[in-house]
Every structure is written in C-alpha cells, then in structure tokens.
Amino acid sequence: MGQLTVGALSSARHPERRFREQVGRTPGEIARILRFRNALRLRARGLPLHSAAELPGFHDQAHFNHVVKSTTGLTPTQLPLHDSLEWSAEPETGPHS
C-alpha cells in the first residue's frame with residue numbers, strides 16, 4: 001500500500017507532458033495565468049487588492065504580490081487598472097522553466 005510503480009508514474013505524467021506539447025505550458029502554468037487574469041479583472045472592477053487576490057484562489061495577498069512581481073516585474077499597485085497585459089503561449093526561458 002502506498003507504493004507507486006514506474007509504469008504508473010510514467011502514465012501519470014503522460015497527460016501533463018502531452019498538454020505541454022500541445023499548449024506550450026503546463027496545466028499549472030495555465031492555471032496561474034488564469035488566476036492572475038481573473039485578479040486583474042477584479043481589480044479593474046474596483047475591488048481592493050486583498051479581495052482581488054483571494055477570490056481567484058491565491059493563498060493570500062502576499063502570494064498574489066509574489067506572482068505579480070515575478071510575472072510582470074511590477075508590484076500590484078503599479079499594474080494598470082485595465083486588462084492590457086498580453087500573454088503568450090510561448091514557455092518562459094530561464095531558471096524557472
């Protein structure tokens with residue numbers, strides 16, 4: 001009980017690998033982008049930062065702040081209050097990819 005075979009592990013990774021091949025990003029990366037875009041929309045509607053971070057599923061505002069900074073290089077308060085950020089399906093290059 002609690003043991004995982006190499007075959008099971010390989011088959012568990014297959015859908016994620018196929019997803020990345022087709023979309024260009026992992027499911028986790030896509031989820032992060034969607035949460036982030038959702039938070040931007042909430043900010044554009046006038047919600048305070050803590051609410052705009054909590055509603056889309058960020059753990060807390062500090063987590064949201066970290067994602068904003070690592071994604072855009074800006075702090076949440078420096079972001080435009082309209083949805084003007086462009087996203088690419090191209091994977092990021094560098095130490096986090």
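The values are calculated or read from the model by the stated rules, or taken from the named source; none is laboratory data. All values derive from a computational prediction rather than experimental measurement. Glycine gets a Cβ as well: all are built from the backbone with ideal geometry, and neighbour counts include every protein chain shown. For the accessible areas, the whole protein counts, side chains as well, though only heavy atoms, and no ligand, DNA or RNA atoms are used. Shrake-Rupley method; radii C 1.70, N 1.55, O 1.52, S 1.80 Å.
What are the pairs with Cβ atoms under 7 angstrom where one residue, in region 17-38, is over 18 Å from Gly57 (Cβ atoms) and the other, located anywhere, is surrounded by 12 or more Cβ atoms within 10 Å (Cβ to Cβ)? Sequence gap at least six, or different chains. Listed pairs, sorted by first residue: Phe19/Thr26; Phe19/Pro27; Arg20/Thr26; Val23/Ile30; Gly24/Pro91. What about Ala12, is it surrounded by 14 or more Cβ atoms within 10 Å (Cβ to Cβ) and of a type in the set (A, V, I, L, M, F, W, C)? No: the conditions fail for Ala12.
Scanning region 55-76 for residues that are outside any helix (DSSP H, G or I) and over 18 Å from Leu34 (Cβ atoms) turns up Asp60, Gly73, Leu74, Thr75.
A single member of Leu9, Leu40, Leu85 is of a type outside the set (Val, Ile, Thr) and either at pLDDT 90 or above or part of a loop (DSSP other than H, G, I, E, B) (or both), and it is Leu85.
Kindly check whether there is at least one residue in region 24-34 that is over 14 Å from the mean Cα position of the chain (by Cα) and either more than 15 Å from Thr75 (Cα to Cα) or open to solvent by less than 30 Å² (accessible area, probe 1.4 Å) (or both).
Going residue by residue through region 24-34, those that are over 14 Å from the mean Cα position of the chain (by Cα) are none.
Looking for residues that are over 14 Å from the mean Cα position of the chain (by Cα) and either more than 15 Å from Thr75 (Cα to Cα) or open to solvent by less than 30 Å² (accessible area, probe 1.4 Å) (or both), one finds none in region 24-34, hence no.
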